[in-house]
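All of the numbers you see were taken from the coordinates with simple rules; none came from a lab. The model shown is predicted, which means the values in this text are computed figures rather than measured ones. Positions of Cβ are generated from backbone atoms using ideal geometry, with glycine treated the same way; all protein chains shown enter the neighbour counts.
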Amino acid sequence: MKITVDQAVEQELYSLGEALGNCLELTDEFLESSCGSEVSELLLMVEEGDREYALMGSIGEGYDGGYFGLAPDVIGFPVGEIEVQFEGEPEEYFDDPDDWTINGDLAYTTMVSACFKIDIDTLRDSVSSLLCQKYSNLEGTVSHGTMREEDLIPTFSDTLERLARDAAPHLGAINPDHTTLISEARELTEEDYSSEDLETIERIGYILEELFSALDYFSPPGFCFGAHPGDGSDYGFWVSL
């Protein structure tokens with residue numbers, strides 16, 4: 001059976017697809033230059049060594065993408081040409097030798113770029129699973145079953161203090177804004193929570209809002225701090241892909 005250009009392109013795409021899921025280095029630079037925005041955003045959330053695993057099962061069939069820009073759900077990189085080594089006469093090996101540039105026992109044909117459509121839902125699930133495994137000690141509920149400010153603020157401030165203390169060796173010191181916020185939260189009294197004074201009500205609302213922001217600051221990549229999507233009274237750290 002003689003070789004056609006389409007067959008050579010198909011084989012090249014297959015080989016590149018195998019490399020993409022096995023031995024190609026998925027560095028930050030590669031993600032920036034060769035991945036669509038949705039693919040890059042998801043893969044940047046996991047460590048470089050885990051990116052091949054994250055991609056498994058999400059790589060679709062390849063195609064020559066030409067000179068067009070990358071779609072958000074595509075991985076693509078330039079190829080230039082395909083080289084095929086053969087024995088005998090070109091007419092015996094190729095379906096149409098005129099489609100090839102022949103140089104001795106080597107033949108060349110143009111292939112501008114190799115592109116692979118990525119199943120974003122599958123990739124998102126894979127990244128989510130990896131993040132849950134890595135941050136299993138943090139993911140989950142901080143407060144459940146209440147939406148009262150007098151319940152949430154003490155719990156949130158205690159959690160913020162623990163996270164800030166644990167992070168201090170890596171950050172150099174506890175953020176003074178967090179220290180101030182914790183102090184302001186603990187200064188609130190039962191009378192403050194039951195007060196009808198507008199200034200006091202606004203101060204409590206402000207402290208609670210700042211606690212949400214401060215806790216979200218400690219969210220790992222791909223997570224956020226807030227109410228669970230399925231339960232408005234379940235506050236904690238959740239995957240947010």
Quick one: 3J(HN,Hα) in Hz for region 135-152, Karplus 6.51/-1.76/1.60 with θ = phi - 60°, rounded, Gly and Pro as x.
10, 4, 6, 10, 4, x, 6, 9, 8, 9, x, 8, 10, 6, 4, 5, 8, 6
Helix-only mean residue ellipticity at 222 nm, the chain, DSSP H runs n ≥ 4 weighted -39,500 (n - 2.57), per residue, nearest 500. What is it?
-14500 deg cm²/dmol
For region 22-86 and region 142-204, what is the centre-to-centre distance using only Cα atoms, to the nearest Å?
44 Å
Under-5 Å amide H pairs with Phe94, H placed in peptide plane, nonlocal only:
Ile3
For Cα extents along the principal axes in Å, the choices are (i) 74, 36, 31; (ii) 95, 36, 28; (iii) 47, 42, 34; which was calculated from the structure?
(ii)
Subtract the Cα-Cα distance of Thr141 and Asp95 from 0.36 nm times their separation in residues, and report this length gain in nm to one decimal.
10.1 nm
Listed residues Gln11, Gln85, Gln133; largest mean-square fluctuation, Gaussian network over the chain with Cα springs below 10 Å, found at Gln85
Convex hull over the Cα atoms of region 5-130, averaged projected area in nm²?
8.1 nm²
Test of understanding: what is the full-extension gain from Thr179 to Ser129, defined as 0.36 nm times their sequence separation minus their Cα-Cα distance?
14.7 nm
Can you put Arg203, Arg148 in order, fewest other beta carbons within 10 Å first?
Arg148, Arg203
